[in-house]
Amino acid sequence: MKKLPLIVLGILILMVLISGLSSRDRHPDNGDHSKMTSSQPEYINNELYGDVPSSVSEEKVKQQNEKDFLADNIQKSDETILRLEDSIDRLASEGNDVSDLEKMVMDYSSLVSDASSYLEKADSADSVSDEQKYVALSKDKMVQSDILLKKIFMSMHNYMPGPVKITENDSLDANGSGVIVLSGDLDVDLSLSSGKFSVVDFEGDMSIDTDGLLSSNIITEGAVSASATEEPHHMLSYSDVQGNVSLSGSGMTIAVMGDNTTLHVTGVGEIQLYGDGSYYLDNSSAVKEGVWLSPIFEAL
């Protein structure tokens, strides 16, 4: 059974956990999102960041689209900073040493602030060339902030309690609202009143039955890999999910964010549950009851 490399797991969870970083909200619709690596944000390769059009009118339209896109991302990042600071305060109150996290969040906040300042300069620029220069500088700061945000999340992952382990003779039933992360050789029945999920197939044998979904949109169908030398693994991400879905595979990682979620799992693997809910782990000798864990920070 393969397990998703931690850095890629962090990116996957970020896609589901923070709606401001999802493909639909974080990236313009006309780009190519078929590939995702752990080394850089997806939108670095987006069509939006290609060559400047030769037409002056098209150039102005594109420049304004870039500015609107950056302004939206800066606003979402400011909201994320507040949530990160609240989470750090909570971790500190629980006796954790958060000095490294505090430094990273300060650096993240500085990058976002710089991006905002450059965007303001672009708005007041006296020439098209100056406007383009400041937009490019703002864009670069946001790219750097995305990379740092992934590192912040991975550092926060160290404070999370260990997962619930499920073995060959076990079954797990859970219900609640929040974030669920599953990894392993699993058969999963999932029901959501509303939410979204992403799944990565490591072994190439995943099957997914979406006939029970009342509504859904595939926002990403592509691949993830841990390194440039590793073969990419198939990934699907669904948004606006309502209804039932079944998944099975010998090497899957699934990240879910949903309301009124019901889960039934059999197989061999690990499950993490963050939010408000309960679970029941049933094996041949006993039934273990538990509650979902408080998340490090709330989903946006």
With V241, V265 as the choices, which residue is open to solvent by less than 60 Å² (accessible area, probe 1.4 Å), in a strand (DSSP E or B) and modelled with pLDDT of 90 or more?
V265
Note: among K150, K121, K141, just one is open to solvent by 10 Å² or more (accessible area, probe 1.4 Å) and touching a residue at least 40 places away in the same chain (Cβ under 8 Å), namely K150
Before we move on, is G277 surrounded by fewer than 16 Cβ atoms within 10 Å (Cβ to Cβ), at pLDDT 85 or above and among the small types (G, A, S)?
no
Looking at the range 82-113 only, could you name the residues that are of a type in the set (D, E, K, R) and in contact with a Leu (Cβ under 8 Å, 6 or more places away or on another chain)?
R83, D107
Looking only at the range 163-177, filter to residues that are farther than 22 Å from D259 by Cβ and open to solvent by 60 Å² or more (accessible area, probe 1.4 Å); which one of those is nearest to the chain's Cα centre (by Cα)?
K165
Given the criteria in contact with a Ser or Thr (Cβ under 6 Å, 6 or more places away or on another chain), of a type in the set (S, T, N, Q) and surrounded by fewer than 17 Cβ atoms within 10 Å (Cβ to Cβ), does T253 qualify?
no
Count, please, the residues in the range 132-164 that happen to be in contact with a Gly (Cβ under 8 Å, 6 or more places away or on another chain) and closer than 22 Å to W292 by Cβ.
4
Criterion: in contact with a His (Cβ under 6 Å, 6 or more places away or on another chain) and modelled with pLDDT of 85 or more - qualifying residue of F197, F202
F202
Here is a check on your reading of the model: is G222 in a strand (DSSP E or B) and either modelled with pLDDT of 90 or more or on the phi > 0 side of the Ramachandran plot (or both)?
no
Kindly list the number of the only condition in (1) surrounded by fewer than 15 Cβ atoms within 10 Å (Cβ to Cβ); (2) farther than 19 Å from D146 by Cβ; (3) of a type outside the set (F, W, Y) that fails for K103.
(2)
Could you identify the single residue in Y108, Y134 that is surrounded by 21 or more Cβ atoms within 10 Å (Cβ to Cβ) and in a helix (DSSP H, G or I)?
Y108
Is it fair to say S124 is of a type in the set (G, A, S) and under 30 Å from Y274 (Cα atoms)?
no
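The values are calculated or read from the model by the stated rules, or taken from the named source; none is laboratory data. The structure presented is a predicted model; accordingly, all values stated were derived computationally and were not measured. Every residue, glycine among them, receives a Cβ derived from its backbone with ideal geometry; neighbour counts consider all protein chains shown. In case anyone asks, the SASA skips ligands and DNA or RNA and just uses the protein heavy atoms, side chains included. Shrake-Rupley method; radii C 1.70, N 1.55, O 1.52, S 1.80 Å.
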